[in-house]
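A.B. asks: This is the structure I want to talk about, given as structure tokens.
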Amino acid sequence: MGNKVLMKGNEALAEAAIRAGCRHFFGYPITPQTEVSAYMAKKMPKIGGTFLQAESEVSAINMVYGAGGAGVRVMTSSSSPGISLKQEGISYIAGADVPCVIVNIVRGGPGLGGIQPAQSDYFQATKGGGHGDYHLVVLAPSSIQEMVDLTADAFDIGDKYRCPVMIMGDGMLGQMMEPVEFKDTDVSDLPEKEWATSGTGMKRKKNIINSLFIEASELEDLVLERQQRYDEIIKNEVRYEAIDTEGADIILVAYGTTARIAKTAMAKAKELGYKVGIIRPITLWPFPFEAFEKALSSGTKKTFLSVEMSMGQMVEDVRLAVNGRADVEFFGRTGGIVPTPKEILAKIVEIGGAK
Amino acid sequence: MEKVFKRPHALSDVSFHYCPGCPHGIVHRLVAEVIDELGIEGDTIGVAPVGCSVFAYNYFECDMQEAAHGRAPAVATGIKRALPDKVVFTYQGDGDLAAIGTAETVHVAARGENVTTIFINNAIYGMTGGQMAPTTLAGQVTQTSPYGRDIKTQGNPIRVSEMLATLDGPAYIERVTVDTVPHIKQAKAAIKKAFQMQLDGKGFSLVEVVSTCPTNWGMSPQESFEWMRENMLPHYPLGVYKDITKEEN
Ligand SMILES: Cc1ncc(C[n+]2csc(CCOP(=O)(O)OP(=O)(O)O)c2C)c(N)n1
Ligand code: SF4
Ligand SMILES: [Mg+2]
């Protein structure tokens, strides 16, 4: 085990990727994720890796497709407008079953939006973004330590299920500093990727990385096969944190930075005598439906309050999870405004009634 | 009896989907012959475009990746950076390379990325049924320039080889065609030189093949080559536009 070091979120993420065996990074500068690129630019040449500043996010994601297809661990990072540009490539990557890690340090939108923290790319990340029948595994850390741990997991999940994985943070997580500890992981002996286009060496039949299947039945078969892998992901990879949900009258639902603030509000509300719990999704896709089942199984009447830095995106999944069995409320700030504990507390009081 | 003409090993044993008389097939064969002669099939990764040659991944025996429309140079860059000791080539049409993928094309060349591009300039979008391409000539009739390409409103055709030759990154750029046996031999020599440049680590190499599209031009293969000689070659002159090994000497 290593020692704790104080690091900025974006840099810790980059270091975690390198420790996970990522030696290829393709990016294009955009605030507030630029430190990821800067860190890679500094480190990669020293360790025989590639840092390449592409001509656009479109090119960067296609470089990721090429390198991932060739079998190496590869990552790109960007922020909202850049992630929009990457959507074509992400769809192709999903369609060709190429593992890779895509980081979105979300900022306010739509359009050029702003550069302050936001969570308004939830729909884009979890409901498609690009065209076609596919999913991204979406990991949403709420501390720098978790960001580091999930970065290592992201590469493993991508390789295991042959799929693109997104780490979704926000400007707050990217910019703040916290002590982190890097786990010692041995990446010297990763399983071989027999499907990779690394040259036949005249020893095997050729490999093809491709998402074009002109025969409808062939395409359907492939999409169905991929769906089975998605089902495995749903079975094995759901992650969440649930605190005090069983006895609660009000259950907050929040992820990332917002979850930290929501926890502060929860503590205050408890002091005032409210019975409050929290569900913090760590995987946004697959969404942790089971956390809601557990919370609802206790039988008492509950209200779920989705707190987001958006106009209400995750709340749609909360409604799906609750499926009419409890009230669902929403509180959000957007455009780069971070909700305060006080605001969230006020909403709790509004729901719970004055005490 | 000795076999004097056979399928190159690097060309897969499947039939092409190309229209009769389409030069795509000729150029595929030349690329495969070069791969054979250089003995690099096991070390080569090809990148197919979106265009009529989208199925190129079925036609070459080496490992292949299929890129999104215009993105082949970026995909090739990713592969080459992952596997610097391997040979990486793209095969692209004019719409792919000089319209939707212009940024990728210019920057792969500017970086001097050590990959090879085979560029088929048939002055039209073949696959989608004959629309105007960035290389469509002034006055040329296509589905989307039904009155002939009007330079005032539809812009000017791009001379890709000349444009890229202004950059410092490329090592080798030549424009060839495949209408006659001497031209085919010249084209093969150019393709071989382009791959050799990559093997020698010289940087980006591109061979532009002035080509035809009999189907969408509405001509026979023979008429197409005549039309190409009369109209395309004056605008797209054959020749070497960049050769750093000459400059080095
Ligand atoms: C993003 C995107 N836009 C449009 C298309 C449709 N499309 C397919 S091929 C093509 C043009 C190809 O022309 P060219 O590159 O000249 O190749 P050719 O068929 O002439 O060999 C277009 C526009 C597509 N597949 N993807
Ligand atoms: S449409 Fe044109 S370019 Fe495409 S295969 Fe037919 S002749 Fe060749
Ligand atoms: Mg064309």
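A.B. asks: Within 10 Å of each Cβ in peptide A:67-77, how many partner chain Cβ atoms are there on average? Round it to a whole number, please.
C.D. replies: 4
A.B. asks: Place +1 on the Cβ of every Lys and Arg and -1 on the Cβ of every Asp and Glu in the protein assembly as shown, take the dipole about the Cα centre, and give the residue among B:Phe225, A:Ala54, A:Val98 whose Cα lies farthest towards its positive end.
C.D. replies: A:Ala54
A.B. asks: A further question follows. Place a point 7 Å from Cα of A:Lys294 in the direction of its Cβ. Which residues in the stretch A:231-260 have their backbone N less than 13 Å from it?
C.D. replies: Answer for the stretch A:231-260: A:238-247.
A.B. asks: Express the carbon and sulfur contribution to the solvent-accessible surface of chain B as a percent, rounded to the nearest whole number, probe 1.4 angstrom.
C.D. replies: Here it works out to 55 percent.
A.B. asks: Rg and Dmax of chain A over Cα atoms: what are they, in angstrom?
C.D. replies: 20.7, 77
A.B. asks: Related question: Of all alpha-carbon pairs in the stretch B:113-177, indicate the percentage at a distance above 14 angstrom.
C.D. replies: 62
A.B. asks: Hull surface divided by four, with the convex hull built on the Cα atoms of the stretch A:260-320: how many nm²?
C.D. replies: Mean shadow area of the hull around the Cα atoms is 4.7 nm².
A.B. asks: Which is the longest stretch in chain A that no exposed loop site breaks, taking sites as chymotrypsin sites (Phe, Trp or Tyr not before Pro) with a DSSP loop state and at most 16 other Cβ atoms within 10 Å?
C.D. replies: Segment A:1-194 is the longest.
A.B. asks: Where in the stretch B:1-85 are there GluC sites (Glu not before Pro) that are in a DSSP coil and have at most 14 other Cβ atoms within 10 angstrom of their Cβ?
C.D. replies: Sparse-neighbourhood loop GluC sites (Glu not before Pro): B:Glu2.
A.B. asks: Within the stretch B:6-88, report the trypsin sites (Lys or Arg not before Pro) that DSSP leaves as loop and that have at most 14 other Cβ atoms within 10 Å.
C.D. replies: Loop-located and lightly packed - B:Lys6.
A.B. asks: In addition: Compute for the stretch B:24-248: radius of gyration divided by Kirkwood radius, i.e. Rg/Rh, restricted to C-alpha atoms, rounded to two decimals.
C.D. replies: 0.95
A.B. asks: When chain A is treated as a GNM, springs tying every alpha-carbon pair under 10 Å, which of A:Gly109, A:Gly158, A:Gly132 comes out with the largest mean-square fluctuation?
C.D. replies: Taking springs between Cα atoms under 10 Å, the residue moving most is A:Gly132.
A.B. asks: Give me the inter-chain shielding for A:93-102: mean count of other chain Cβ atoms within 10 Å, whole number please.
C.D. replies: What the average comes to for A:93-102 is 1.
A.B. asks: Would you mind working out the accessible area per residue for the stretch A:223-355, using a 1.4 Å probe, and quoting it in Å²?
C.D. replies: 44
A.B. asks: May I ask for the accessible area buried between chains B and A, both sides summed, probe 1.4 Å, to the nearest 100 Å²?
C.D. replies: 2500
A.B. asks: Next up: Points 7 angstrom from Cα along the Cβ direction at A:Glu192 and B:Thr102: gap in nanometres?
C.D. replies: 4.6
A.B. asks: Can you give me the accessible area per residue for the stretch B:24-248, using a 1.4 Å probe, in Å²?
C.D. replies: Ligands and nucleic acids excluded, the result is 34 Å² per residue.
A.B. asks: Next up: Enter the mean number of other protein chain beta carbons within 10 Å of the beta carbon of each residue in A:49-59, as an integer.
C.D. replies: Mean number of neighbouring Cβ atoms from other chains: 5.
A.B. asks: In chain B, which longest range has no chymotrypsin sites (Phe, Trp or Tyr not before Pro) that are both DSSP loop (not H, G, I, E or B) and surrounded by at most 13 other Cβ atoms within 10 Å?
C.D. replies: Between exposed loop sites, the widest span is B:6-146.
A.B. asks: Out of A:Glu35, A:Glu55, A:Glu215, any idea which swings most in a Gaussian network model of chain A, alpha carbons joined below 10 Å?
C.D. replies: Highest fluctuation among the options: A:Glu215.
A.B. asks: List the trypsin sites (Lys or Arg not before Pro) within the stretch A:124-172 that fall in a DSSP loop (any state other than H, G, I, E or B) and whose Cβ has at most 14 other Cβ atoms within 10 Å.
C.D. replies: Sparse-neighbourhood loop trypsin sites (Lys or Arg not before Pro): A:Lys127.
A.B. asks: For all pairs of alpha-carbon atoms in the stretch A:143-230, what percent lies in each bin of width 5 Å, listed from the first bin to the last filled one?
C.D. replies: P(r) over the stretch A:143-230, rounded to whole percents: 3, 10, 14, 16, 16, 14, 11, 9, 6, 3, 0.
A.B. asks: Another question, if that's okay. Comparing A:Ile233, A:Ile167, A:Ile47, which has the greatest mean-square fluctuation in the GNM of chain A with Cα pairs linked when under 10 Å apart?
C.D. replies: A:Ile47
A.B. asks: Would you kindly find the accessible area of A:Met202, with a 1.4 Å probe and non-protein molecules such as ligands, DNA and RNA excluded, rounding to the nearest 10 Å²?
C.D. replies: Here the residue's solvent-accessible area equals roughly 110 Å².
A.B. asks: Moving on to the next point. Step by step: find N for the protein assembly as shown, compute 2.2 N^0.38 Å, then divide the Cα radius of gyration by it. What's the final number?
C.D. replies: 1.09
A.B. asks: Based on alpha-carbon positions alone, could you give the equivalent ellipsoid semi-axes of the stretch A:242-352 from the gyration tensor, as √(5λ), descending, whole Å?
C.D. replies: 19, 17, 12
A.B. asks: Can you give me the long-range amide H partners of B:Gly93? Hydrogens built in the peptide plane at 1.01 Å from N, cutoff under 5 Å, separation of 5 or more residues or another chain.
C.D. replies: For B:Gly93, the qualifying residues are B:Ile120.
A.B. asks: Can I ask one more? Give me the distance in nm between label points sitting 7 Å out from Cα along the Cα-to-Cβ direction at B:Leu167 and B:Gln196, one decimal.
C.D. replies: Using points 7 Å along Cα→Cβ, the separation is 2.4 nm.
The values are calculated or read from the model by the stated rules, or taken from the named source; none is laboratory data. This one's a predicted model, so the numbers in the text were calculated from it and none came from an experiment. Virtual Cβ from ideal backbone geometry, glycine too; neighbours counted across all protein chains shown. Surface areas here come from the heavy atoms of the whole protein model, side chains and all, with no ligands, DNA or RNA. Shrake-Rupley method; radii C 1.70, N 1.55, O 1.52, S 1.80 Å.
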